[in-house]
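Heads up: the structure comes next, in structure tokens.
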Amino acid sequence: MSWKHLFSKSLAANPEHLHFAAHSHHLWPDVSHSGHMTAWQDAATLADHKWDKIMGPVWSEAQQHVADELKLPDPATLCFAPNTHDFIVRLLSAIPARPVRVLATDGEFHSFRRQMTRWVEAREVVLETVRPEALLDTARSGDFDLIFASHVLFNSGTIIPALDHLAVLARPDGPWVVIDGYHGFMAIETDLSPIADRIFYLSGGYKYAMAGEGACFLHAPPGFAERPVVTGWYAAFDDLALSPGDVGYAPDGRRFLGSTFDPSGLYRYNFVQNMLAAEGLTTAVISAHVATLQAQFLEGEPLADFDLLNPLDDQPHARFLAFRGEAAPKLHDMLADHNVVTDVRGDVLRIGFALYHDPEDVVRLAKIIGQLG
């Protein structure tokens, strides 16, 4: 079955290119345009009063969509921000110890790695990184304030198992356990209900939620990080009558809010989520479609000279295939010259599959790679 009709605007905008980087910039469904235009119309119609709607029904609807996907027991534990970096900065600011002792995998995303490296330089952080398979044992044996790990590693597609074992280590007075779900949210079925009272989880709408930029979120368990030092006035949005000397915080996830933000991502996110529900397109359904396309691509062994870092099996799988080889950068550039969009990280070529692909797209991709070989 094909769902290309749901992405007709994005596909028609550049009909000749073959976009296999859904794990990077996921193409936007048509309905996201309606969401974006609704944000504009509300701004025009409501002006200053638009925030009553944004921080009311728009906000609560987005919270409910995220909570439903992750099986969170209380949507109020969720907060939204323009990017996940904002949340990392606020989280670290809430830890009283200096330097902050951080444990992470050696496969975390660029923004996290860059910020941690700079904090290490400034002696704000002592960082230990380990291979993903050593994360749990190191976390158990070490003395850390913050344990940070991606659910799905961006560079290899490796999935961190047994999040519940990490959650057992979490305490309000430390360590705090933070799961970066950016390559897991709406790509891997995730049930946080057993550990929602102990772990932080952050992700966003840019990738598999198909909503574009500006719709990132944090689940913050009650009793953890109640007063981030880095804070904006929206964190006390419910009580703007506080005297200037009082620094109040919302009692729920909104304690991680900053200041004025662009709400259009939340509108797009809500519109896309409602479309997916109407079409019966759950994470499981989309993942099954993607798995079929990935298996089709691998059948012909088009990249036999590369090492596949995340082979297919009967377990949950990343939405991309990660191929390691010295020729990865060259092949990426050659594909780009043929209007095929993939992405490369060092010597790893990532090919991402999505709802807007069908078997004919996979045939085209394999044929082009064969011609380039």
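The values are calculated or read from the model by the stated rules, or taken from the named source; none is laboratory data. Every value quoted in this text rests on a predicted model; they were computed, and no experiment measured them. Note: ideal-geometry Cβ built from the backbone for every residue, glycine included; neighbour counts use all protein chains shown.
Restricting attention to the stretch 5-30, the residues being surrounded by 14 or more Cβ atoms within 10 Å (Cβ to Cβ) and either assigned by TED's automatic domain parsing to the domain that holds Gly205 or of a type outside the set (S, T, N, Q) (or both) number 16. Pairs only if they're at least six apart or on different chains, beta carbon under 6 angstrom, first in the stretch 38-50 and closer than 23 Å to Ala211 by Cα, second in a helix (DSSP H, G or I) and of a type in the set (Ser, Thr, Tyr); list them, first residue then second. Filtered contacts from the stretch 38-50: Thr38/Tyr267; Ala39/Ser264; Ala39/Tyr267. Residues that are touching a strand residue (DSSP E or B) at 6+ places or on another chain (Cβ under 8 Å) and at pLDDT 95 or above within the stretch 160-173 comprise Leu166, Ala167, Leu169, Ala170, listed in sequence order. Considering only the stretch 266-284, I want to know if a residue exists there that is in contact with a helix residue (DSSP H, G or I) (Cβ under 7 Å, 6 or more places away or on another chain), within 19 Å of Val152 (Cβ to Cβ) and without any contact (Cβ under 8 Å) to a residue 24 or more places away in the chain. Looking through the stretch 266-284, none of the residues is in contact with a helix residue (DSSP H, G or I) (Cβ under 7 Å, 6 or more places away or on another chain), within 19 Å of Val152 (Cβ to Cβ) and without any contact (Cβ under 8 Å) to a residue 24 or more places away in the chain. Pairs meeting the criteria (first residue in the stretch 347-360 and assigned by TED's automatic domain parsing to the domain that holds Ser8 and buried (at least 24 other Cβ atoms within 10 Å of the Cβ), second residue among the small types (Gly, Ala, Ser) and outside any loop (DSSP other than H, G, I, E, B), beta carbons under 7 Å, at least 6 apart or on different chains) are Leu349/Ala328; Arg350/Ala322.
Filtering the stretch 338-371 to residues that are of a type in the set (D, E, K, R) and farther than 17 Å from Lys4 by Cβ leaves Asp343, Arg345, Asp347, Arg350, Lys367.
Could you tell me whether His33 is surrounded by fewer than 18 Cβ atoms within 10 Å (Cβ to Cβ) and either free of Cβ contacts under 8 Å to residues at least 40 places away in the same chain or on the phi < 0 side of the Ramachandran plot (or both)? Answer is yes for this residue. Of the residues making up the stretch 249-260, none is without any contact (Cβ under 8 Å) to a residue 24 or more places away in the chain and of a type in the set (S, T, N, Q).
Of all the criteria given as (1) without any contact (Cβ under 8 Å) to a residue 24 or more places away in the chain; (2) closer than 22 Å to Val290 by Cα; (3) touching a helix residue (DSSP H, G or I) at 6+ places or on another chain (Cβ under 7 Å), the one not satisfied by Ala12 is (3).
Among the numbered conditions (1) at pLDDT 95 or above; (2) closer than 21 Å to His25 by Cα, the only one that Gly346 does not meet is (1).
Residues in the stretch 43-69 that are of a type in the set (Val, Ile, Thr) and exposed (fewer than 13 other Cβ atoms within 10 Å of the Cβ): Thr45 only.
Specify the residue that is farthest from Asp191 (Cα to Cα); the eligible residues are those in the stretch 106-137 that are among the polar types (S, T, N, Q) and out of contact with any Asp or Glu (no Cβ under 7 Å at 6 or more places or on another chain). Before the answer, list the steps.
Let us first name the residues in the stretch 106-137 that are among the polar types (S, T, N, Q), namely 111, 115, 117, 129.
Keeping just the survivors that are out of contact with any Asp or Glu (no Cβ under 7 Å at 6 or more places or on another chain) gives 111, 115, 117.
Working: Ser111: 26, Gln115: 29, Thr117: 32 Å.
Residue satisfying both the conditions and the ranking: Thr117.
Scanning the stretch 260-311 for residues that are among the charged types (D, E, K, R), over 18 Å from the mean Cα position of the chain (by Cα) and in a helix (DSSP H, G or I) yields Glu279, Glu299.
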